[in-house]
1. Please report, in debye to the nearest 20, how large the charge dipole of the stretch A:243-320 is about its Cα centre when each Lys and Arg carries +1 at its beta carbon and each Asp and Glu carries -1 there.
2. Where does chain A land at 222 nm, in deg cm²/dmol rounded to the nearest 500, when only DSSP H runs of n ≥ 4 count, each adding -39500 (n - 2.57), divided by all residues?
3. Which FRET efficiency value, to the nearest 0.05, is calculated for A:R352 and B:T84 with the Förster distance at 45 angstrom and r the Cβ-Cβ distance?
4. For the stretch A:144-193, what mean projected area does the convex hull of the alpha carbons give, in nm²?
5. Any idea which of A:T505, A:V33, A:A481 is furthest toward the positive side of the dipole for the protein assembly as shown, if Lys and Arg beta-carbons carry +1 and Asp and Glu beta-carbons -1?
6. What are the residues whose amide H is under 5 Å from the amide H of B:L36, where those residues sit 5 or more places off or on another chain and H is modelled from the backbone?
7. Put +1 on the Cβ of every Lys and Arg and -1 on every Asp and Glu Cβ in chain A; which of A:G224, A:A15, A:A206 then has its Cα farthest towards the positive end of the dipole?
8. Which residues, if any, in the stretch A:60-108 lose at least 30 square angstrom of accessible heavy-atom surface (probe 1.4 Å) when the other protein chains sit next to their chain rather than the chain being alone?
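The values are calculated or read from the model by the stated rules, or taken from the named source; none is laboratory data. What you are looking at is a predicted structure, and each value in this text was computed from that prediction instead of being measured. Heads up, the Cβs are rebuilt from the backbone with ideal geometry, glycines too, and the neighbour counts pull from every protein chain shown. The protein model used for the area step is the full one, side chains on, heavy atoms only, and it has no ligands, DNA or RNA in it. Shrake-Rupley method; radii C 1.70, N 1.55, O 1.52, S 1.80 Å.
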Amino acid sequence: MTKSRDPRTLPQALAEAAHAGKGYCFVQNGVDVPRPYGEIERAAFQVARSLRDAGLRRGDVVAIVLADAEQFLTTLFGASIAGVIPASLYPPSPTRDLQRYFELTANTLRAADARAVVTSSSLAPDFEALRGTCRRLSLVLVRDALDAAPIAPDRMPGLDDIAFVQYTSGSTSAPKGVALTHRNVCANVDAINGPSGVASSKGDVAVSWLPLNHDMGLVGMALGPLYCGLPGVILPPHLFVRRPAEWLRAMTRHRGTISFAPNFAFDLCLRRLKDRDLDGLDLSPWRIAGCGAEPVHAQTLAAFTEKFASVGFRASSLFPSYGLAEHVLAATFPPRGRPPVAETVSLDDLNRLRLARPATDEHNTVTIVSCGRPFPGHAVRIVDESGRPLGEREVGEITLNGPSVMLGYYRQEALTAQTIRDGWLHTGDLGYLSGGELFVCGREKDIIIANGRKYHPQDLEWAVDDLAGVRRGRVVAFGDAKPGRADRVVIVVEPNGTVPGAALTDSIRRQVSDLFGLYVDEVALVPSGTVGRTTSGKVQRAATRARYHELRADGPAGEAAGG
Amino acid sequence: MPPASAPIENGVIDALKTVSRRPIEPTLESDLVADLGFDSLQVLELIAELEDRFDISIPLNDVPATRTVAQVVAQVAELVGSRTERSTP
C-alpha cells in the first residue's frame, strides 16, 4: 500500500483494519493467539463504553498501566474512541522494587493530572493507595472489568486531538509526556509504511517483542501494521529478554518480513544464542531488520549478519534508522536493500573541530553508521548552539521539521517551547549530514540511554543526593556517550567524608540499581568545589562534565579509554 | 540455607562470567550490582542462563531480594534440590 493516503485518526485506522480482515497475533505462554482487528475493535468499543459509564469525560486523562499487549492496545484504542486522553506509563518490572516504582509513578500521575488509571487486578490495590497523594486520581479501573456492551461511539476524536501521551520513563524530577495528535501519528506511520520507508505491501508480516509503552513497540510494530491492514505478531518483552531465540523463532514461524529492535537486542542474540538454537530457523523472508532507538553499532550489525547468514539472514535487510518519541517514532530511514553504510572518522576532529573527517590513521577513530534520509514532507537540519544551520560534515544538533513533530510535552509549556523552536524539534542528539544522509554521533541533551530506554540524569542525582556520605546537592549524573558504543553511566559526587569511599561507591550503585535497574559504570568521588552550581542553585551539569573529562584526560591513558 | 555443592557454586560463577560483559572474578561475597556490574537486563539474562544450566525455573518475585552470589547459589541449590526430590520416587 504505497499510495499516499488521507490522514486517519486512530479509531478510523482501526475501523479500516477491522474491515480488511487481518489482525494481531499475541504470543501468550508460548502459544500463538490470533486476534483479528475486528475483535480488537469490538473490545475497544467495550472499553470506550465502560470508560464513559465510569463517568470519564472528553479531555480527561486516563493512565494505562498494563503489561499485557492485547489489554494495552484495546484500552488505548478504547480510550481514544471514548474521547479521553490515554497516557501510557511503564508497568513495573518483575525484578524491581515495587515501592520505588510507585513513588515514581505517583509523580507521573500528578504531572499528567490523570483522573483514572486502567491497570491489572494485581496492581489495582497499590494504585488505590496512591489516591491520597494523587488528588485528581478518582478512579482505579481494572482492565478485566471494562466489559460493558460494545456500542459504537457517538463522537469520535478529530485529527488534531491528542491521540495519546507517552511517558518515556518514570521520573522523580519532571516526567515528560510526549503528546501526539492523530495527525502526527498518522503522518509518521504512513511515512514509515510508504515508498520512502519500508514500502509495506501485501504479504508483509511484522513481528515484535518490544514493549508497547515504547515508541518503537507501539508506533512501529503495533500501529504500523494496523494502519495498513497487515498482520502484526507481538511477543512479551520478558520472553525475549529471557529467551532471545523466541524472537527469531517467531520470525521463522510467521515468515516475518519486518522487525525493528534496538541495537542491544541484536547484541543479545549474538551473545545468548548457541549454535543449536539456529536449528530450524529461517530468516530469509526478513527484508527489513530495523535497528534504532539507541546508537547503532557497526560491529554488532556485522557480527549479527555473519552469525545468522547460514539461516538466510542478509546484510541488505539491515535497516539502521534514527528517530525519537518526540517525532512520533522515525525520522530518517536508509534506502531499502542496501547493506549498512558506515564511515570511519577521526575522533579528535569530531570532538575538537566538530568536523567529521575521514580518519587518516587507524588510531583514535570511530565508525558511525548512516541512518539514511528524512521522509518526504519532513526535513533534517544540523545547527550550532545559536541555531545557525551548519554545512556538510559539520557536527551539530539534529533538528527536525514536518508533520511528525509532536504537539508538545503534555502540560509542560516551558519545556515544549525550549524543545520546539519555530517549528523545529531540537532533538538534543548530535550528528552530521553527508551526501544527504544522517550520521548520529552523540548527544547534547542530558539524557542517558541504556538498553533502548531513556533516563533523566536529574532522577539519578536526586536518588543519590539522599544517601549518607554525599554532600547534598553536589551530585551530577550523565551518560558518557561516545559514538559507536553504549553509554557509560557516570555519577560525579562530592563526598562529605562520613562514609569511606568504597562503601559510598557501593551504596550509590545499589541505590541507582534499585530505582532504575541501571548499572553505574563509574562513580567519580571528587574534591569539594568540583560540582559547580548556578546562582539559582542548580547543578551545572555541562560544566561538571567538562571538568570530569579534564580530570580523566590527565589520568592514566588506559583509564580514559575504558568503558 | 541448604549447603550448596561445589558443582552448583562453580556453575553459578561460570554463568555469571558468561552473562557479564566485563571481565569479572566473582566470589561468594560479590554483590551482583555493586561488584559485578549487573543491570536489570543482565539479571534476567542470568536467570535464563541458570535455568538452562540447572534445568530449573526461577520465580521472578524472588529476584529483587537477591543481592550476592552466595544468595544466588543458595537459591539454585534449593531449586535443584526440590527438583531432585520430585523426580525421585
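1. 180 debye
2. -9000 deg cm²/dmol
3. Using R0 = 45 Å, I get an efficiency of 0.10.
4. Working: hull surface 24.9 nm².
Computed as one quarter of the Cα hull surface, the answer is 6.2 nm².
5. Toward the positive end, the furthest listed residue is A:V33.
6. B:D31
7. Highest projection toward the positive end goes to A:A15.
8. Those residues are A:P94, A:T95.
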